[in-house]
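The values are calculated or read from the model by the stated rules, or taken from the named source; none is laboratory data. Quantities reported herein were computed from a predicted structural model and do not represent experimental measurements. Positions of Cβ are backbone-derived with ideal geometry, glycine not excepted, and every protein chain shown enters the neighbour counts. Side chains included, ligands, DNA and RNA excluded: accessible areas come from the protein's heavy atoms. Shrake-Rupley method; radii C 1.70, N 1.55, O 1.52, S 1.80 Å.
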Amino acid sequence: MRFENPTNEEIRDILKNKKRIAVVGLSDNPMKTSYMVSSVMRDAGYEIIPVNPAVDEVFGIKAVKTLQDIEGHVDIVNVFRRSEYLPEVAKDTVAIGADVFWAQLGLANDEAYDYLKEHNVISIMDKCIKVEYARLAR
């Protein structure tokens, strides 16, 4: 992988200033990582938008099927889908005009990174948003 993440300072600024997070692949199962991570971010004051066609709601918030179904601006698209799906989610991220694409720990894809960079979308890959929040933004 040849992606390059923003600096710690840039990630800190993102986490301090970007508060509306669409979570692609957010599960309604409290034992799943996506649920646990999103719960912490929600408790920290971030607005969480569940994006998952297989669930009705998470945290009492109605889920949407796709990023395009979200009303209003999205600051961060936080992705809990396998790496091979990242190019598709990257295209949707650009289509909705989101500021930041964040692929969770263990997820990276050069094709997605190149597409996002070409469209001037900040890209963070292979990092957990919860860990970075605890490390940099609290």
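Which one is least open to solvent (accessible area, probe 1.4 Å) among residues in the stretch 35-56 that are part of a loop (DSSP other than H, G, I, E, B) and under 12 Å from Ala22 (Cα atoms)?
Tyr46
Each row is one residue, and each column tells you yes or no for (1) within 13 Å of the chain's Cα centre (by Cα); (2) crowded, with 16+ Cβ neighbours inside 10 Å.
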{"position": "His73", "(1), (2)": "no, no"}
{"position": "Ile76", "(1), (2)": "yes, yes"}
{"position": "Lys91", "(1), (2)": "no, no"}
{"position": "Ala95", "(1), (2)": "no, no"}
{"position": "Ala103", "(1), (2)": "yes, yes"}
{"position": "Asn109", "(1), (2)": "no, yes"}
{"position": "Ile129", "(1), (2)": "yes, yes"}
{"position": "Ala137", "(1), (2)": "no, no"}
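Under the condition of being assigned to a helix (DSSP H, G or I) and in contact with a Ser or Thr (Cβ under 9 Å, 6 or more places away or on another chain), which residue from the stretch 6-34 is most open to solvent (accessible area, probe 1.4 Å)? Steps first, answer last, please.
Just the residues of the stretch 6-34 that are assigned to a helix (DSSP H, G or I), to begin with: 8-17, 33-34.
When the remaining residues are screened for being in contact with a Ser or Thr (Cβ under 9 Å, 6 or more places away or on another chain), the result is 33-34.
Working: Thr33: 85, Ser34: 8 Å².
So, considering only residues that are assigned to a helix (DSSP H, G or I) and in contact with a Ser or Thr (Cβ under 9 Å, 6 or more places away or on another chain), the one most open to solvent (accessible area, probe 1.4 Å) is Thr33.
Taking the stretch 62-71 as the range and being open to solvent by 10 Å² or more (accessible area, probe 1.4 Å), assigned to a helix (DSSP H, G or I) and closer than 22 Å to Asn120 by Cβ as the test, only Gln68 passes.
All conditions but one from (1) closer than 16 Å to Arg20 by Cβ; (2) open to solvent by 30 Å² or more (accessible area, probe 1.4 Å); (3) in contact (Cβ under 8 Å) with a residue 60 or more places away in the chain apply to Phe59; the one that does not is (3).
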